[in-house]
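Visitor: Dumping the structure here so I can ask a few things about it.
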Amino acid sequence: MDRVTLAVGGGGASTQSFISDIIFSRLGNPLLRKAADAALIDTSLRTAFTTDSFVVRPEFFPGGDIGKIAICGTVNDLLVSGAIPEYISFGLIIPEGYLLTDLERVIDSMAATCEKAGVQVVCGDTKVVERGALDGLIINTSGIGRTVRDWTDYANISAGDKVIITSDAARHGMSVLLARGELGFDGQIESDCAPLNDVFDAARQYAVTFARDATRGGIAAVLNEIAAMCGVGFLMEDEHIKVRDNVRYLCDMLGFDPLSVANEGLAVIIVKEQDAEKALADIRKTANGADAAIAGTVTADGKVVLKTTIGGKRFIEMPRGELLPRIC
């Protein structure tokens, strides 16, 4: 069999062969191999729980694929909430006729990312839909983590706190857009897709008041969501928000604001002023935080403002519409 058939999702022999040969061989662990209707896990401590769905087109792009994003997105949602990720579930919705080699590539990528992030896949599900019902693979993931901090409370944020941007901006959205091959020119930008365990292991000892990963809508969406929820503002400094030259060039050419473009390996971390420099120094020692910078300050005026490199100021607006569909 070189393509996925409806029988793979039918619950019979083909389903069992798929689970054994494709899933267990790559993601198998004692909890998953029980193949029970639910994984029994220890949740005696306070836990964080998150879920997400992924419909990336194209499914493979420089620096990542839909499988890697599915794990990274769930892991990072737990990390920015103050939890240590431990368990993942995933559901596959596969169109009939999907190439088995592509599916194996996705599962291999998920397995490698799980190992890097220190999480286990403990349960899952597979459905196959009739040919033509979908234009590609869909993955749903849920994650459970052990809560050691609470970085979800907007009330903890106050004027004077510093804003750390952990990496360069807009790389994922521009990578996926370019990989579609619809722009009429060649080029390659590598996505920043990564699990941010190392960044948050470094940040956890400091007075972090809030954190969020800047995926759809980018940095602009995160800052405006925070401002709307708790009434604070931000004064950000353009010179301290890194954007790679090739990414900035493509954004300028296509009319995109890099602050509004999606990321998959960038977090916005708000830290008390007295800890900001120390936290930044440790974050910069990590592989995924080497380009981190203190890029702004929380203000009390409720406005989200960018100080430009030439000394002017402009509002950072909430992105409107779907600028880049199916990027995560």
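Visitor: Looking only at strands (runs of 3 or more DSSP E) that fall completely inside region 77-180, which ones have 2 or more residues that are farther than 30 Å from residue 12 by Cα?
Guide: 83-95, 138-147, 162-165
Visitor: If you don't mind, another one. Across region 200-209, which residue is surrounded by the fewest Cβ atoms within 10 Å (Cβ to Cβ) among those that are of a type outside the set (Ser, Thr, Tyr) and under 16 Å from residue 293 (Cα atoms)?
Guide: 202
A quick yes/no check of all residues on (1) open to solvent by 30 Å² or more (accessible area, probe 1.4 Å); (2) without any contact (Cβ under 8 Å) to a residue 40 or more places away in the chain; (3) part of a strand (DSSP E or B); (4) within 30 Å of residue 135 (Cβ to Cβ):
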site	(1), (2), (3), (4)
262	no, no, no, yes
265	no, no, no, yes
287	yes, no, no, no
295	no, no, yes, no
310	yes, yes, no, no
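Visitor: Give me the pairs: first residue in region 204-223 and touching a residue at least 12 places away in the same chain (Cβ under 8 Å), second residue assigned to a loop (DSSP other than H, G, I, E, B) and aromatic (Phe, Trp, Tyr), beta-carbon distance under 7 Å, and six or more apart or on different chains, which are they?
Guide: The qualifying pairs are 208/151; 210/151; 211/151.
Visitor: I've got another one for you. When the residues of region 58-76 are filtered to those that are over 28 Å from residue 210 (Cβ atoms) and in a strand (DSSP E or B), which remaining residue is most open to solvent (accessible area, probe 1.4 Å)?
Guide: 60
Visitor: Quick one: which of 235, 223 is open to solvent by 50 Å² or more (accessible area, probe 1.4 Å), within 25 Å of residue 310 (Cα to Cα) and assigned by TED's automatic domain parsing to the domain that holds residue 268?
Guide: 235
Visitor: Which residues, taken from region 163-188, are open to solvent by 50 Å² or more (accessible area, probe 1.4 Å) and among the basic types (Lys, Arg)?
Guide: 180
The values are calculated or read from the model by the stated rules, or taken from the named source; none is laboratory data. Bear in mind that the values here come from a model prediction, so they are computed numbers and not experimental data. All Cβ positions, even for glycine, are placed from backbone atoms using ideal geometry, and neighbour counts span all protein chains on display. Accessible surface areas use protein heavy atoms only, side chains included; no ligands, DNA or RNA. Shrake-Rupley method; radii C 1.70, N 1.55, O 1.52, S 1.80 Å.
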